[in-house]
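Down below is the structure, laid out as structure tokens.
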Amino acid sequence: MASMNPSAPSAGPRYRPLLSQASAGLTHPVTALDEHGRRETLHIPAERPLTVYLDRRELVTLMTLGAAPEALTLGYLRNQRLVRALDDIVSVQVDWSVDAVAVVTRAGVADLDARTARKVVTTGCGQGSVFGGLMDEVDRIALPPDARLRQSVVHRIVETVRTQQSVYRQAGSVHGCALFTHDGELLWFVEDVGRHNAVDAIAGLMWLEGVDGADKVFYTTGRLTSEMVIKGAQMGIPFLLSRSGTTQMGHAVAHQVGMSLLARCSGHHFLLVAGEERLVFEPDWLDALEAARRLRTAASRIDAAFDARP
């Protein structure tokens, strides 16, 4: 699923390549037998290959839900550093009859053979891959040092994702990524079979809409690996949140680029593992939240006691 908040910021009229609109069906019904041998219809996530052709050259095959294939392709090219500017791209055309997307650039990509000669297969479902060294250009990334995120906004973001209508709720087996403002307003929510695809799709949407990452917060349901941290840093985003954990290399890269990592985000709980100077703790807000929770619990127990009276 790819959803966009209607109030998402836009830079106004700007260049956009010629894009197809080829979102595909996101789930597929199958028949299953339960433990009693009873038949039921089960909806499972779709998964389809999308082979990227860059100026008629086969580049890579991405396994995807197909929710936002044009944005996915643009974000992939951006995060792989194969195309530097959106203006360099003439068109992105997806054709599901041949499971392919054709990207046409204005002047080609210089040294494409050398830049794609070495591929690193990354961790995660769907087996993401990146061209060149994982740490290429990381030293040049400078995230805004004055960016701040309030503790209450972290809670708002987690709650927004928890209540989001999603393919995961219907069929499971997918990862979701979301982009928020620093006040916790949802801009985009994208799901795919691999978190690397979902983050690329959001990178593509940011590129298309001219959205800057300096005051944004990125959320993922997957692990905070080095690939996720590097891509977030390339998008200029200083905050990366996850309901899962982080890896050693993801942690190290976050410290290197100055990114704030919040892992194990659930309810009002989180573990801030990097970039602690950016988070604004709000103990009074947390105390009020805990007091409200205790009142609800007590009220529920009183209601249950009354209901149990003969």
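Among the residues in segment 62-76, are any more than 17 Å from the chain's Cα centre (by Cα) and either in a strand (DSSP E or B) or of a type in the set (Phe, Trp, Tyr) (or both)?
If we filter segment 62-76 for residues that are more than 17 Å from the chain's Cα centre (by Cα), which is where we start, we get none.
Taking every residue of segment 62-76 in turn, none turns out to be more than 17 Å from the chain's Cα centre (by Cα) and either in a strand (DSSP E or B) or of a type in the set (Phe, Trp, Tyr) (or both).
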Residue hits (segment 12-36; open to solvent by less than 70 Å² (accessible area, probe 1.4 Å) and not in a loop (DSSP other than H, G, I, E, B)) are Leu19, Thr27, Val30, Ala32
Looking only at segment 78-109, count every residue that is open to solvent by less than 20 Å² (accessible area, probe 1.4 Å), modelled with pLDDT of 95 or more, closer than 27 Å to Ile141 by Cα and not β-branched (Val, Ile, Thr) and tell me the total. 1
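Just to verify a result, which residue in segment 40-61, among those that are touching a residue at least 12 places away in the same chain (Cβ under 8 Å) and over 28 Å from the mean Cα position of the chain (by Cα), is most open to solvent (accessible area, probe 1.4 Å)?
Taking segment 40-61 and keeping what is touching a residue at least 12 places away in the same chain (Cβ under 8 Å), we get 41-57, 59-61.
Subsequent filtering for residues that are over 28 Å from the mean Cα position of the chain (by Cα) retains 41, 56.
On the way: Thr41: 93, Arg56: 227 Å².
In this case the residue turns out to be Arg56.
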Residues in segment 213-222: is at least one at pLDDT 95 or above, of a type outside the set (Asp, Glu), open to solvent by less than 20 Å² (accessible area, probe 1.4 Å) and more than 21 Å from His268 (Cβ to Cβ)? yes
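Only one of Val130, Val121 is open to solvent by 60 Å² or more (accessible area, probe 1.4 Å) and modelled with pLDDT under 60. Can you tell me which?
Values: Val130 fails: open to solvent by 60 Å² or more (accessible area, probe 1.4 Å).
The conditions single out Val121.
How many residues are aromatic (Phe, Trp, Tyr) and exposed (fewer than 13 other Cβ atoms within 10 Å of the Cβ) if we restrict to segment 253-310? Full working, then the answer.
Step one: of segment 253-310, the residues aromatic (Phe, Trp, Tyr) are 270, 281, 285, 306.
From what is left, the residues that are exposed (fewer than 13 other Cβ atoms within 10 Å of the Cβ) are 281, 306.
Matching residues across segment 253-310 total 2.
Is one or more of the residues making up segment 179-190 more than 10 Å from the chain's Cα centre (by Cα), of a type in the set (A, V, I, L, M, F, W, C), surrounded by fewer than 24 Cβ atoms within 10 Å (Cβ to Cβ) and modelled with pLDDT of 95 or more? Spell out the reasoning first.
From segment 179-190, those more than 10 Å from the chain's Cα centre (by Cα) are 180-187; that's our starting set.
In the following step, the residues that additionally are of a type in the set (A, V, I, L, M, F, W, C) were identified as 180, 186-187.
Those still in the list that are surrounded by fewer than 24 Cβ atoms within 10 Å (Cβ to Cβ) too: 186-187.
Remaining after also requiring modelled with pLDDT of 95 or more: 186-187.
Scanning segment 179-190 turns up at least one residue that is more than 10 Å from the chain's Cα centre (by Cα), of a type in the set (A, V, I, L, M, F, W, C), surrounded by fewer than 24 Cβ atoms within 10 Å (Cβ to Cβ) and modelled with pLDDT of 95 or more.
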What pairs come up if the first residue lies in segment 246-261 and is within 12 Å of Asp139 (Cα to Cα), the second is open to solvent by 60 Å² or more (accessible area, probe 1.4 Å) and not in a loop (DSSP other than H, G, I, E, B), and their beta carbons are under 8 Å apart, counting only those six or more places apart or on different chains? Gln256/Asp139
So how many residues does segment 143-178 have that are open to solvent by less than 90 Å² (accessible area, probe 1.4 Å) and either at pLDDT 70 or above or in contact with a strand residue (DSSP E or B) (Cβ under 7 Å, 6 or more places away or on another chain) (or both)? 24
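Which count do you get for residues in segment 140-158 that are part of a helix (DSSP H, G or I) and in contact (Cβ under 8 Å) with a residue 24 or more places away in the chain? Full working, then the answer.
Our first condition is that a residue be part of a helix (DSSP H, G or I); within segment 140-158, this holds for 140, 151-158.
Right, trim to in contact (Cβ under 8 Å) with a residue 24 or more places away in the chain and you get 151-158.
The number of residues fulfilling the criteria is 8.
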Tally up the residues in segment 38-61 that are assigned to a strand (DSSP E or B), more than 30 Å from Ala114 (Cβ to Cβ) and not polar (S, T, N, Q), please. 7
Which pairs turn up if I take residues in segment 26-39 that are hydrophobic (A, V, I, L, M, F, W, C) and look for partners that are assigned to a strand (DSSP E or B) and open to solvent by 100 Å² or more (accessible area, probe 1.4 Å) with beta carbon separation below 7 Å, at least 6 apart in sequence or on another chain? Leu33/Arg39
Test: Arg278 is more than 22 Å from Asn79 (Cβ to Cβ), without any contact (Cβ under 8 Å) to a residue 60 or more places away in the chain and not hydrophobic (A, V, I, L, M, F, W, C): no
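The values are calculated or read from the model by the stated rules, or taken from the named source; none is laboratory data. Bear in mind the structure is a predicted one, so any value in this text is a computation, not a measurement. FYI the Cβ positions are ideal-geometry reconstructions off the backbone, even for glycines, and counts take in every protein chain you see. For the accessible areas, the whole protein counts, side chains as well, though only heavy atoms, and no ligand, DNA or RNA atoms are used. Shrake-Rupley method; radii C 1.70, N 1.55, O 1.52, S 1.80 Å.
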